[in-house]
Amino acid sequence: MIDPLSRDYEERLNRMSPFEIKNELIELAKSDARKSSATFLNAGRGNPNWISADAREAFYALGTFALAECRRTYSEAPGIAGLPGKDGIADRFEKYLADHSSTEGEKLLADAYKYMTATLRCDRDDLVHEWAEGITGDQYPTPPRILKYTEAAILPYVAQELGQRDPGAGKEYDLFAVEGGTAGMCYVFDSLQANHLVNKGDRIALMAPLFTPYLEIPDLDRFDFDVVTVSANKVEADGYHYWQYPDSELDKLRDPSVKLVCMINPSNPPSYRLSDHDLERFVDIVKKDNPNLIIVSDEVYGTFAQDFESLLYKLPANTLCVYSFSKYFGATGWRLAVIAAAKENIFDRMIANLPQAEKDDLNKRYSSLTLDVGSLKFIDRMVADSRDVALNHTAGLSTPQQIQMSLFAIKCLLDTDDVYKGKMQAMIHDRLTALWENTGFKMPDDPLRVGYYSEIDMMVWARKLYGDDFAAWLPSAHNPLDVTMRLAVEKGIVVLNGSGFDGPEWSIRTSEANLDRDSYVIIGQKVRQILDEYHQEYLSAKK
């Protein structure tokens with residue numbers, strides 16, 4: 001029988017992705033909870049334990065109206081209906097809204113309709129017909145990149161949440177609606193390579209620590225990138241991690257041989273947004289030294305940050321932004337995200353300047369789509385590539401998903417006092433405080449901290465609480481994964497190993513999204529207990 005706390009087993013397990021290790025940890029933690037009075041607590045994955053209820057209720061109300069519209073056109077056979085008709089649909093929708101105004105969702109739906117028609121000046125019948133057909137799901141997504149009014153709603157939302165403060169902004173960008181942030185990542189990598197913007201073996205940079213797929217994708221044989229790590233793992237002089245990037249690390253991007261940089265902002269882990277200094281450093285790097293640097297920025301946690309600013313608006317021509325609705329709205333199962341790109345960008349320009357042989361290759365690849373391949377924008381190439389080009393006509397995120405995404409976005413555009421955002425940020429902060437206060441570790445104040453995750457470097461606290469000799473002994477006695485394993489096996493708690501995210505070797509990652517506050521009190525206490533137990537073992541060894 002395998003001993004899960006044996007050093008050999010931990011060393012072998014440590015070679016796996018932390019999200020694959022998690023499955024083993026869950027079984028071990030559940031087993032401990034069954035054998036003892038411990039409660040099974042899974043803080044390993046960032047799946048929220050809340051949902052945005054009113055936007056879902058609005059979705060269901062809209063679905064009720066749409067189904068009535070379908071039955072209006074055909075109801076001669078039981079269980080069968082027709083398709084929504086366009087003529088007069090807005091008038092019928094307004095009557096429906098007048099007759100259905102008792103729930104939060106119905107009120108939100110009425111406000112959303114008013115916002116789209118009065119503020120964004122959308123055609124009434126066109127809008128309601130798109131909504132009715134979209135929620136019914138009776139047509140392929142058309143255009144396949146994103147529905148017309150879905151894009152109209154999400155452009156100002158993205159601008160509002162990611163740092164372009166002008167409420168009328170966003171029209172100078174294009175969006176591609178995709179099946180969650182993970183699909184967005186895959187599509188970006190695939191199309192950059194398919195269009196010869198980044199080729200196999202090219203040098204790219206990864207800003208660490210970061211979400212594990214960004215570490216794993218570059219190693220795939222089809223990419224085999226030469227990876228340069230830009231690290232925020234540096235420890236400040238007082239011994240604390242501040243999770244920002246020293247100028248010396250960012251300046252690695254000045255090398256023009258670095259073609260691409262991938263980041264998560266705010267980071268995952270340790271959940272800090274880029275400082276204003278680092279944002280301006282990026283601008284300086286691109287303008288002075290590396291004008292063709294491709295920036296891929298994953299910004300799913302931006303809505304949890306105070307005063308967030310995206311590189312999409314600092315360096316619009318260079319940036320591909322992936323934004324997911326999954327965490328903020330408790331919608332991981334919906335698979336909702338967009339890729340955003342400026343209409344004027346380096347991707348289109350670089351494609352236009354490719355050698356003729358590579359242009360010929362692309363003309364052949366996309367010739368089934370258009371007679372003028374050269375005019376095909378990079379973001380539309382991504383749409384085609386997502387379905388191997390030949391199935392471009394059936395590409396795109398399903399229309400019901402796009403309607404739900406629109407309602408999430410409009411909900412926040414209407415929330416001018418940031419009530420929802422305030423509640424989300426306060427809840428995360430409260431859980432973060434409960435965790436850290438009960439570890440007994442000091443968490444320095446930092447306005448850049450977001451707190452959706454925590455990365456706790458046990459070696460920092462080993463040294464601060466028990467001295468350098470203990471910190472030197474610990475690696476000789478235990479594998480770094482032992483903290484993660486022991487929490488599961490002995491305490492019934494699942495966390496992830498920070499080393500799997502290219503973080504410090506002795507760090508652990510907790511999610512503050514998927515448990516209630518009292519659970520983080522327990523997790524904090526048990527994390528500290530692990531360190532104290534190591535110290536007792538050290539004292540016994542000295543004797």
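Excluding ligands, DNA and RNA, the accessible surface per residue across segment 408-543 is 37 Å² with a 1.4 Å probe. In order along segment 412-421, the Karplus-derived 3J(HN,Hα) couplings, from 6.51 cos²θ - 1.76 cosθ + 1.60 at θ = phi - 60°, round to 7, 5, 7, 7, 5, 8, 6, 5, 4, 4 Hz, and Gly and Pro are given as x. Residue order by solvent-accessible surface for His393, His478 is His393, His478, largest first, with ligands and nucleic acids left out and a 1.4 Å probe.
Can you work out the accessible area per residue across segment 16-130, with the rest of the protein chains kept in place, probe 1.4 Å, in square angstrom? Mind dumping the intermediate values first?
Values: 6140 Å² over 115 residues.
Per-residue accessible area for segment 16-130 comes out at 53 Å².
Which of rounded, prolate or oblate describes segment 137-264 when judged by the alpha-carbon gyration tensor and an a/c cut-off of 1.5? The shape class here is oblate.
For the chain, report the translational diffusion coefficient in µm²/s to the nearest whole number, using Stokes-Einstein at 10 °C, 1.306 mPa s, and a Kirkwood Rh over Cα pairs. Taking Rh from Cα pairs, D becomes 63 µm²/s. Backbone amide hydrogens, once placed in the peptide plane, bring Phe225 within less than 5 Å of Gly201, excluding anything fewer than 5 places away on its chain.
Using a 1.4 Å probe over the heavy atoms of the protein chains, calculate the carbon and sulfur portion of the accessible area of the chain as a whole percent. Numbers along the way, then the final one.
Values: 10980 of 22270 Å².
Using a 1.4 Å probe with all protein chains present, the chain comes out at 49 percent carbon and sulfur.
For Lys30, the lysines whose Cα comes closer than 17 Å to its Cα, not counting residues fewer than 8 places off in the same chain, are Lys22, Lys491, Lys526. Surface calculation, 1.4 Å probe, protein heavy atoms: Asp307 sits at approximately 110 Å² accessible. The modelled label-to-label distance for the pair Asp255/Ser75, using points 7 Å beyond Cα in the direction of Cβ, is 6.9 nm.
Heavy-atom accessible area per residue, segment 205-289, 1.4 Å probe: how many Å²? Intermediate results must be reported in sequence, preceding the final value.
Working: 3230 Å² over 85 residues.
Here the per-residue accessible area is 38 Å².
Between the helical axis of 517-542 and the dominant principal axis of the chain, each derived from Cα atoms, what acute angle in degrees is found, rounded to the nearest 10? It is inclined by approximately 30 degrees.
A prolate overall shape is assigned to segment 282-324, the ratio a/c of its alpha-carbon gyration tensor axes (a ≥ b ≥ c) being 1.5 or greater and a/b exceeding b/c. Note on surface exposure: Lys542, Lys327, Lys234, Lys259 rank Lys542, Lys234, Lys259, Lys327 by accessible area, highest first, 1.4 Å probe. FRET efficiency for Gln536 and Arg45, Cβ-Cβ distance as r, R0 = 30 Å, nearest 0.05? E between Gln536 and Arg45, to the nearest 0.05, is 0.45. Overall shape: prolate for segment 352-497, with the ratio a/c of the largest to smallest alpha carbon gyration tensor axis at 1.5 or above and a/b above b/c.
The values are calculated or read from the model by the stated rules, or taken from the named source; none is laboratory data. Since we're looking at a predicted model, the values are computed, not measured. Heads up, the Cβs are rebuilt from the backbone with ideal geometry, glycines too, and the neighbour counts pull from every protein chain shown. Quick note on the areas: whole protein, heavy atoms, side chains included, nothing else; ligands and nucleic acids left out. Shrake-Rupley method; radii C 1.70, N 1.55, O 1.52, S 1.80 Å.
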